[in-house]
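The values are calculated or read from the model by the stated rules, or taken from the named source; none is laboratory data. None of these values were measured; they are calculated from a predicted model. Reconstructed Cβ throughout: ideal geometry from the backbone, glycine too, with neighbour counts over all protein chains shown. Heavy atoms of the whole protein, side chains included, go into the accessibility calculation; ligands, DNA and RNA do not. Shrake-Rupley method; radii C 1.70, N 1.55, O 1.52, S 1.80 Å.
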Amino acid sequence: MNNIIKTILLIVVSIQLVNCLTVSQEASSSIEEIVASYGYPIEKHSVLTTDGYILTVHRIPFGKNGKTSNNKPILLQHGLCDSSFTWIFNLPGYGLGYILADQGYDVWMINFRGNAYSLGHTKFTDKDSAFWDFSFDQLGLYDTPNTIDYILRQTGATKCAIVGHSQGNQAAWISFLRVAGFSNKVSYVAALAPISTITNMRNDFFNVMAELHVDGALVGLGFQRFLPKPSTLRKEFILYCGLCKRCCATGIEMLVGPHNGPFNDTRNPVISGHEPAGTSLKNMQHFSQIKRNKKFQMFDYGKDNQKMYKQSSPPVYDLTKLPNNLNLAFFYGKEDVLSTTTDVQILINQLPKGVLKHSQLVDNYAHIDFVWSLDANTLIYSKIIEQLKVYH
Ligand SMILES: *[C@@H]1O[C@H](CO)[C@@H](O)[C@H](O)[C@H]1NC(C)=O
């Protein structure tokens, strides 16, 4: 056979091989399998934190068009009970992980300690209570800065950009405030549904938890992990979905409120297979505390604050002290019941002068729309790409 025809046949065959997972197969496939099925390179890295956790960080080193000269690293940080899955849930052209890779960026997607992908530790297993002894304080203190250091070592780059969703940018605020020199390693932060205080949150689940002190009760009963593996819950979700399509697909929407923007309902089973990815109960407890106390502050140990912090109440994260060399962009939604416009405005008012380069309120967006909506690519991601060209 003629070589040219052979090559064409090979290309056609490999294109078909590449796109071969059905929605239900994707529901039970790994993140690596899903990304590879769309023809993208995917790597799995293990990042060891200073306090012994082993984080799984997924990487799409470049996009469909191969490596470009603009192959700079970007770290994507998921929200509460979410995972790196969130960035590749939508198809190429829609999911931010794919879009940034196709723009020539080197895309790294963290899994914070305690989610389904980051259950490793040098001394403990996820059966040990010591493993679950963390809240978002440690995500900012260790997970984010340790991962950025790892990325800079691997790539030889001097700076990394960050895109954070919800808790993912909250962790970054903590790194900027508590980790010396961190701001010099970060060129730009795009904060989707930014979070600091959550005083005005209108989410029933959290409000009930905070008001009834359910968080403390659960800890008292000896619970450590918040939500089992997604696979354990899958059956319940599918049942729940059959009963109520609108409120469906995922426990994550129960936590953060239902989506409101245009959504690919065909892919609901894929969400049920991967979400929610879990965290520690102590982390949920910390969120309930800051809701009750109306302050963005470190974990409240009650009587033990004196021992932990040498003061009777937990130290407050003072956002007016953020470094003034930051380049931040905020994207927040009018329909977001977790990261409300009132709380985002409070956060914006505290920022040092000049660090906020862009602020955009999206009319119909709820909390999860920033990562899953089908029009986030044109409404938000195109703006992020424009700004990356300026600041990264
Ligand atoms: C929605 O999901 C289905 C199943 O993965 C896919 O075939 C379709 O192209 C998606 N639509 C959009 C607009 O992404």
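Helix 382-391 versus the longest principal axis of the chain: what angle, 0 to 90°, nearest 10, using Cα atoms?
80 degrees
Taking the DSSP beta bridges in region 2-391 as the whole, what percent of them are antiparallel, to the nearest 5?
40 percent
Kindly provide the helix-only [θ] at 222 nm of the chain, computed as the sum of -39,500 (n - 2.57) over DSSP H runs of four or more divided by all residues, to the nearest 500 deg cm²/dmol? Before the final figure, lay out each step's value.
On the way: 16 runs with 143 residues, N = 392.
Taken over the chain, the calculation gives -10500 deg cm²/dmol.
List the residues of region 257-279 whose backbone N lies under 14 Å from a point placed 7 Å from the Cα of LEU374 along the Cα-to-Cβ direction.
260-268
Ignoring ligands, DNA and RNA, what accessible area per residue does region 2-391 give at 1.4 Å, in Å²?
Working: 15990 Å² over 390 residues.
Per residue, region 2-391 has an accessible area of 41 Å².
Among ARG225, ARG153, ARG292, whose mean-square fluctuation peaks in a Gaussian network model of the chain (Cα, cutoff 10 Å)?
Checking each option, the largest mean-square fluctuation is seen for ARG153.
Below 8 Å, C-alpha to C-alpha, sequence gap of six or more: please give me the relative contact order for region 2-391 in percent.
Once divided by the residue count of region 2-391, the mean separation gives 18 percent.
Once you have the alpha carbon radius of gyration of region 2-391, what is it after dividing by 2.2 N^0.38 Å, with N set to its residue count?
Normalised Rg, Cα atoms only: 0.97.
Rounded to the nearest 10 degrees, what's the angle between the helix 167-178 long axis and the longest principal axis of the chain, both from Cα atoms, 0 to 90?
Here the helix axis deviates by roughly 60 degrees.
Report the full-extension gain for the segment VAL214 to ASP304: residue separation times 0.36 nm, less the Cα-Cα distance, to one decimal in nm.
30.4 nm
With unit charges on the beta carbon (Lys/Arg positive, Asp/Glu negative), name the residue among MET109, HIS121, THR147 whose Cα is farthest towards the positive pole of the charge dipole of region 95-151.
Positive-most Cα among the choices belongs to HIS121.
Per-residue counts of other Cβ atoms within 10 Å, averaged by peptide: what ranking do you get for 28-38, 324-334, 119-129, highest first?
324-334, 28-38, 119-129
Modelled label-to-label distance, THR68 and LEU91, 7 Å Cα→beta-carbon offset: nm?
Between THR68 and LEU91, the simple spin-label model gives 2.2 nm.
Where a ≥ b ≥ c are the square roots of the eigenvalues of the C-alpha gyration tensor, would you call region 322-389 rounded, which needs a/c under 1.5, or, failing that, prolate if a/b is larger than b/c, or oblate?
Oblate, because a/c is 1.5 or more while a/b does not exceed b/c.
Among PRO314, PRO92, PRO73, which one moves the most in a GNM of the chain with springs linking Cα atoms closer than 10 Å?
Looking only at PRO314, PRO92, PRO73, the largest GNM fluctuation is found for PRO314.
Determine the gain in length on full extension of the stretch GLN311-GLN350; use 0.36 nm per residue of separation and subtract their C-alpha separation, reporting nm with one decimal. Before the final figure, lay out each step's value.
Numbers: separation 39, 0.36 × 39 = 14.04 nm, distance 2.39 nm.
Taking GLN311 through GLN350 to full extension adds about 11.7 nm, to one decimal.
With springs only between Cα atoms under 10 Å, which of GLY164, GLY79, GLY354 fluctuates most in a Gaussian network model of the chain?
GLY354
Under a point spin-label approximation (7 Å from Cα along Cα-to-Cβ), what is the ASP126-ASP51 distance to one decimal in nm?
Placing both labels 7 Å along Cα→Cβ, they lie 1.9 nm apart.
Using only the alpha-carbon atoms, how far is helix 230-243 inclined from the longest principal axis of the chain? Give it as 0 to 90 degrees, nearest 10.
Helix 230-243 sits roughly 90 degrees off the main axis of the chain.
Find the centroid of the Cα atoms in region 114-187 and in region 316-330, then give the distance between the two in whole Å.
Spelled out, the Cα-based centre of one part sits 17 Å from the other.
For the pair LYS383/THR22, report the inter-label distance in nm, with labels modelled 7 Å from Cα in the Cβ direction.
Reported label-point gap for LYS383 and THR22 is 4.0 nm.
For region 190-215 and region 59-107, compute the distance between their C-alpha centroids and round to whole Å.
28 Å
Heavy atoms only, probe 1.4 Å: what % of the accessible area of the chain goes to carbon and sulfur, would you let me know?
Solvent-exposed carbon and sulfur of the chain make up 55 percent of the total.
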